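The structure appears below as structure tokens.
The values are calculated or read from the model by the stated rules, or taken from the named source; none is laboratory data. Model, not experiment: these values are computed from the prediction. We place every Cβ from the backbone using ideal geometry, glycine too, and count neighbours over all the protein chains shown. Calculation scope for accessible area: heavy atoms of the full protein, side chains included, ligands and nucleic acids excluded. Shrake-Rupley method; radii C 1.70, N 1.55, O 1.52, S 1.80 Å.
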Amino acid sequence: MVAMDNLQMTSQTAQFNLSAYLLEHQSLVEAALDRAISVVYPEKIYEAMRYSLLAGGKRLRPILCLATCQMAGGTLETAMPTACALEMIHTMSLIHDDLPAMDNDDYRRGKLTNHKVYGEDIAILAGDGLLAYAFEFVATNTFNVPAEQVLKVIAKLGRAVGAAGLVGGQVVDLESEGKTDVSLETLNFIHNHKTAALLEASVVCGGILAGMSEEDLQRLSGFSQNIGLAFQIIDDVLDITSTQEQLGKTAGKDLQAQKVTYPSLWGIEESLHQARQLIAAAIAQLEPFGDKATPLKAIAHYITSRTH
Ligand code: GRG
């Protein structure tokens, strides 16, 4: 188990009931995702899309989007379509990542992976269907926001997903497979793109929807890039220290594949130290937002104390 983050928390953050906040927002997101996709002809593809989308997960990306929009004075309703789209994009990336041509995993979120249930052909198409629908969903379901801001959100999501984001990170990850001399710079490139890019888009899109200034969006971008990298460092540590039951996916995969990870470069203690430093730097970016930033600060602390 990862040691509890020992950063000094403000009394406001310490009093905040993060568990209740996460549960409440998770259940709103679950309901919105359930409503977003219904099963029509050809049923098989909609069932495959829903199978992975509704398989649980922490819903961290949608919650970050909702929390940021609320911090900036926006409503949950304004941000919910984008929050759902973020989860659709994240889920499709997991479906494709688990395919035999990529990570070849049998379990995800405690269930058989999409291709194990529906076959590789349908799993690829379920990912494609979720990706396309994510953009359609933002464009057709976001109300009471100027079209220019919705366009900015769509552009931000597109950049986070494509070769400048997740896809680019995955390519360098694939190229690094089997190599033992992967540099810290390359490892940072992989995770800034594979993991941090979508977390950054989650936070920044919440701010865009609420009409935040460019200066504030820059702060949020700094905050989320730092929490993104910290999240991945902890992910690497958990791969070593947790069980399959805790993770909901195969544990110890990185060690088995002799993959270069943060703990393989730094060791576990130093990895935890680096993650805490990134969280401290992230939280410093939120200071101008005062107490309104309490949920985002608490989520940042949670990243280093989570066990799955
Ligand atoms: C995006 C077009 C497109 C294609 C996919 C396969 C691929 C390209 C990218 C891989 C992206 C990937 C799997 C990154 C890992 C991100 C990560 C840390 C996942 C785990 O996130 P959690 O812990 O998972 O938030 P839950 O299940 O809780 O949602």
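State the answer as a single residue: which of A164, H273, N141 lies farthest towards the positive end of the charge dipole of the chain, with beta carbon charges of +1 for Lys and Arg and -1 for Asp and Glu, about the Cα centre.
Value: N141.
Keeping every protein chain in place, order L131, L209 by accessible area at 1.4 Å, biggest value first, i.e. largest first.
On the way: L131 45, L209 10 Å².
Output order, biggest surface exposure first: L131, L209.
Explain nothing, just the number: dipole magnitude of the stretch 162-218 about its Cα centre with +1 on each Lys and Arg Cβ and -1 on each Asp and Glu Cβ, in debye rounded to the nearest 20.
Details: 2 positive and 9 negative charges, 36 e Å.
I would put it at about 180 debye.
With only Lys, Arg, Asp and Glu charged, each at its Cβ (+1 for the first two, -1 for the last two), find how big the charge dipole of the chain is about the Cα centre; round to the nearest 20 debye. Working shown, then result.
Values: 23 positive and 36 negative charges, 100 e Å.
Here the size comes out at about 480 debye.
For the chain, evaluate the Debye formula with one uniform point scatterer on each Cα (no solvent term) and list log10 I(q)/I(0) at q = 0.10 Å⁻¹, rounded to two decimals.
One equal scatterer on each Cα of the chain leads to -0.53.
Would you compute the Debye intensity of the stretch 64-201 from its alpha-carbon atoms alone, equal scatterers and no solvent, and pass along log10 I(q)/I(0) at q = 0.13, 0.21 Å⁻¹ to two decimals?
Log10 of I(q)/I(0), two decimals: -0.63, -1.25.
Over the chain, what is the relative contact order in whole percent, taking alpha-carbon pairs under 8 Å and six or more residues apart? Don't skip to the end; give the middle numbers.
Numbers: 439 pairs, mean separation 72.2, N = 308.
Taking the mean separation of contacting Cα pairs over the length of the chain, I get 23 percent.
Would you work out which of P295, I283, L151 lies farthest towards the positive end of the dipole of the chain? Charges go on Cβ: Lys and Arg +1, Asp and Glu -1.
Result: P295, furthest along the dipole toward the positive end.
Among L174, L199, L33, whose mean-square fluctuation peaks in a Gaussian network model of the chain (Cα, cutoff 10 Å)?
L174
What is the dipole size for the stretch 122-267, taken about its Cα centre, with +1 at each Lys and Arg Cβ and -1 at each Asp and Glu Cβ, in debye to the nearest 20?
Values: 9 positive and 17 negative charges, 27 e Å.
Around 120 debye, computed over the stretch 122-267.
Only helical DSSP H runs with n ≥ 4 go in: add -39500 (n - 2.57) per run for the chain, normalise by residue count and round the 222 nm mean residue ellipticity to 500 deg cm²/dmol.
-21500 deg cm²/dmol
Can you tell me the mean projection area, over all orientations, of the convex hull of the stretch 181-228's alpha carbons? Units nm², please. Don't skip to the answer; put the middle values down first.
Numbers: hull surface 13.0 nm².
One quarter of the hull surface, i.e. the mean projection, equals 3.2 nm².
Just report the Cα centroid separation between the stretch 246-308 and the stretch 135-188, whole Å.
After rounding, the separation between the Cα centres reads 20 Å.
Check cross-link reach from K253 to the lysines: straight Cα distance under 26 Å, and skip same-chain residues fewer than eight apart.
Leaving aside lysines fewer than 8 places away in the same chain, those within reach of K253 are K58, K111, K116, K179, K194.
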